[in-house]
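A short worksheet on the structure shown next.
The values are calculated or read from the model by the stated rules, or taken from the named source; none is laboratory data. Only a predicted model underlies this, so the values are computations on that prediction, with no experimental measurement involved. In this analysis, Cβ positions are derived from the backbone assuming ideal geometry, glycine residues included, and neighbour counts consider all displayed protein chains. Only protein heavy atoms, including side chains, enter the accessible area calculation; ligands, DNA and RNA are left aside. Shrake-Rupley method; radii C 1.70, N 1.55, O 1.52, S 1.80 Å.
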Amino acid sequence: MAIGTIFNIQRFSVADGPGIRTTVFLKGCNLRCSWCHNPESWDPGRSIEVFPERCIGCGECVQACRHGARFLDGGALSFDRTLCRRCGACAEACVADAIRSIGEERSAQDVLREVERDAPFFVESGGGVTISGGEPLLQPEFVLELLRGCADRGLSSAVDTAGNVAWPTLSEAARATDLVLFDMKALDSELHRRGTGVSNALILANLERLGHGATPIWIRVPLVPGFNDSESELSAIAAFCSRLPAVKRIEILGYHRLGEGKRSRLGLDRGLDAEPPSEQALARLAGVAAAFGKPVFVR
Ligand code: SF4
Ligand code: SF4
């Protein structure tokens, strides 16, 4: 029985595949996109998110912390993340919800019991279960047990991946699911490295192989101002995908600023600071991509 670390189960999602979906978000990611809206997924273990504006100054977290990471400094509450062992005791002690412990270990069977309660919504809407992250395929045994468990229960499933994993892992997951949501950030290799911290060589090689397989693929492109919001990038991505029979559509997702507040609450550096793309820019670049033959949708 596989155990995985997850940070959310979101019900009634309409953005993670067809129909109404229940999306299971797994911890851990091997990309560091500057625009990421789920930076709480990055760390494979527990993350500690702090909301200073909610703090009522009761000092319970100081009492709860055995590692001296939360302390009073001249009467003011301080948090030294270098001392924090991420045990979560402060979050449990805080009655004001000013500290959130993110990430819990669950068995695949336990998660399956939870998601299958939504089966009536999936049947009515043509939806199902999406396994997302982070990069879910960094926990392959857990993901495979979830996907096979969905199939055993007659639930449709999808895997949302950035594709930066070994081919055997990706290919086995693709065989066990009904749909792969494949995130593509940039075709230009140097640009990809600048925006995500890693090369796209493995990602493109994996997509090339997956694109000639049997499992349908929806490509998801986050449209990020100043990064990939150019006609040349969208054309290059769409041209690459146009040769791949398994790619059934391209979705363009406009950058939004949700990740910025999270980053500061998680003690991470600021990341991207940009205005979301306008509807006109999204529509124009969708038109550019559509010229290469695959259906293109803006989300
Ligand atoms: S998570 Fe644990 S170690 Fe970190 S500040 Fe809270 S109580 Fe202290
Ligand atoms: S327990 Fe919560 S409310 Fe109390 S001092 Fe700590 S962070 Fe503030």
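Brief remarks on what is shown
- Selected residue [part of a strand (DSSP E or B) and closer than 15 Å to VAL24 by Cα] from LEU181, LEU155: LEU181
- Every residue from the range 1-15 that is open to solvent by less than 20 Å² (accessible area, probe 1.4 Å) and not in a strand (DSSP E or B): ALA2
- Residues that are on the phi > 0 side of the Ramachandran plot and surrounded by 24 or more Cβ atoms within 10 Å (Cβ to Cβ) within the range 129-162 comprise just one, GLY134.
Matching residues to (1) away from ligand 2 (no atom under 11 Å from the Cβ); (2) exposed (fewer than 12 other Cβ atoms within 10 Å of the Cβ):
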| position | (1), (2) |
| --- | --- |
| CYS61 | no, no |
| ASP73 | yes, yes |
| LEU77 | no, no |
| CYS84 | yes, no |
| ALA96 | no, no |
| VAL111 | yes, no |
| GLU116 | yes, no |
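- Against the numbered list (1) within 16 Å of ligand 1 (Cβ to nearest atom); (2) free of Cβ contacts under 8 Å to residues at least 60 places away in the same chain, ILE56 comes up short only at (1).
- Residue match in the range 191-207 (condition: within 17 Å of ALA289 (Cα to Cα) and of a type outside the set (S, T, N, Q)): no
- Test: HIS192 is under 21 Å from the mean Cα position of the chain (by Cα), free of Cβ contacts under 8 Å to residues at least 12 places away in the same chain and more than 30 Å from ARG85 (Cα to Cα): yes
- Listed by position, the strands (runs of 3 or more DSSP E) inside the range 71-129 whose residues that are more than 9 Å from ligand 1 (Cβ to nearest atom) number at least 3 are 76-79, 104-107.
- Residue check, ARG100 under 26 Å from PHE25 (Cβ atoms), in contact with an Asp or Glu (Cβ under 9 Å, 6 or more places away or on another chain) and surrounded by 13 or more Cβ atoms within 10 Å (Cβ to Cβ): yes
- Check on GLN10, within 16 Å of ligand 1 (Cβ to nearest atom) and of a type in the set (S, T, N, Q): no
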